[in-house]
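Here's the structure, in structure tokens; my notes come after.
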Protein chains: 2
Amino acid sequence: MKLRGYEDARSGWTDDTQQLDATFAALADPTRRAILARLASGDATVTELAKPFRMSQPAISKHLKVLERAGLVSRRREAQRRPCRLEARPLRTAVDWLEDYRRFWGESYRRLDTLLDELRSVEGPT
Amino acid sequence: MKLRGYEDARSGWTDDTQQLDATFAALADPTRRAILARLASGDATVTELAKPFRMSQPAISKHLKVLERAGLVSRRREAQRRPCRLEARPLRTAVDWLEDYRRFWGESYRRLDTLLDELRSVEGPT
DNA sequence: CAGCTTCATAACTAGTTGGTTATATCGCTG
DNA sequence: CAGCGATATAACCAACTAGTTATGAAGCTG
């Protein structure tokens, strides 16, 4: 099986590369993951989002900018407010990438592996 | 639906937090993703891994250390070599987190949503 | 043991990140 | 229009990142 990424090492990268860079980088911060979790239950303004954190409002604004550049959040205007909305599509790209590795962590992998070994030993070496 | 992360904002974080931080941070670099992709096709030594990159060997060693601290790679000794093996279990944790957002990107979400609306309108308001 | 290969470590650098405080802008509302 | 609430921006800082070169250690192999 061929997984995405390695052959592109010197020739430049795959199309999704920048998207994956931005997405994973955005997800690497617990504050930002918490913000996404909050937005999953509905749109929210900056101050609403900032409330539960022990962090200044500008700090949250910065996190939101990171999420926005990664395409994980969009914002509209509403008077002085800037409500944020979850845009999860980039997460799909991330999951798609991760899914390629599913067989390396599941029990099913080990089971499939053993099964293949058994089949091979029945049929004898090629 | 309640998603993981937000309520922990001031009380400290969920158990997986550190793991997710490390995993997503590790995945945010295209070189490291490429290394994982390579390892998915079998164990490899440091120099083997370094070959396709325009990067020095110490640079690769550093990337490997990042992957190792995130638990995504393990290494054994074999004479002077240090073959690396893919350890994908942390990826499962990452996917588990991401799966919570599935309904925000899929068409199936819209469909499920409409379905629920229909059910509700059939049964009348509670 | 001399020397090659494999890999790690140290020391340095430039750029990025995640936070701060202070200040400016925008848009209601009295 | 004064003033307040909501948000963004600027300037600054400490810590971390991703790379470099130079060097050292471990372990084969002639």
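The values are calculated or read from the model by the stated rules, or taken from the named source; none is laboratory data. All values derive from a computational prediction rather than experimental measurement. Positions of Cβ are generated from backbone atoms using ideal geometry, with glycine treated the same way; all protein chains shown enter the neighbour counts. These accessible areas exclude ligands, DNA and RNA; they are computed on the full protein's heavy atoms, side chains included. Shrake-Rupley method; radii C 1.70, N 1.55, O 1.52, S 1.80 Å.
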**Study point:** Contact surface B-A: accessible area buried, both sides summed, square angstrom, 1.4 angstrom probe
**Key:** 3900
Exercise for review: Anything losing 30 Å² or more of accessible area from the isolated chain to the full protein assembly: pick those residues out of the stretch A:19-36, probe 1.4 Å, ligands and DNA/RNA ignored.
Suggested key: A:Asp21, A:Phe24, A:Leu27, A:Ala28, A:Pro30, A:Arg33, A:Ala34
**Study point:** Other protein chain Cβ atoms within 10 Å, averaged over every residue that makes up B:79-87
**Key:** 1
Revision key, fill the gap. Accessible-area loss of at least 40 Å² in the complex relative to the chain alone (1.4 Å probe) applies, within the stretch A:89-108, to A:Leu91, A:Arg92, A:Val95, A:Trp97, A:Leu98, A:Tyr101, A:Phe104, A:Trp105
Check your understanding: With each label point set 7 Å from Cα along the Cα-Cβ vector, what nm distance links A:Arg54 and A:Arg92?
Key -> 3.9
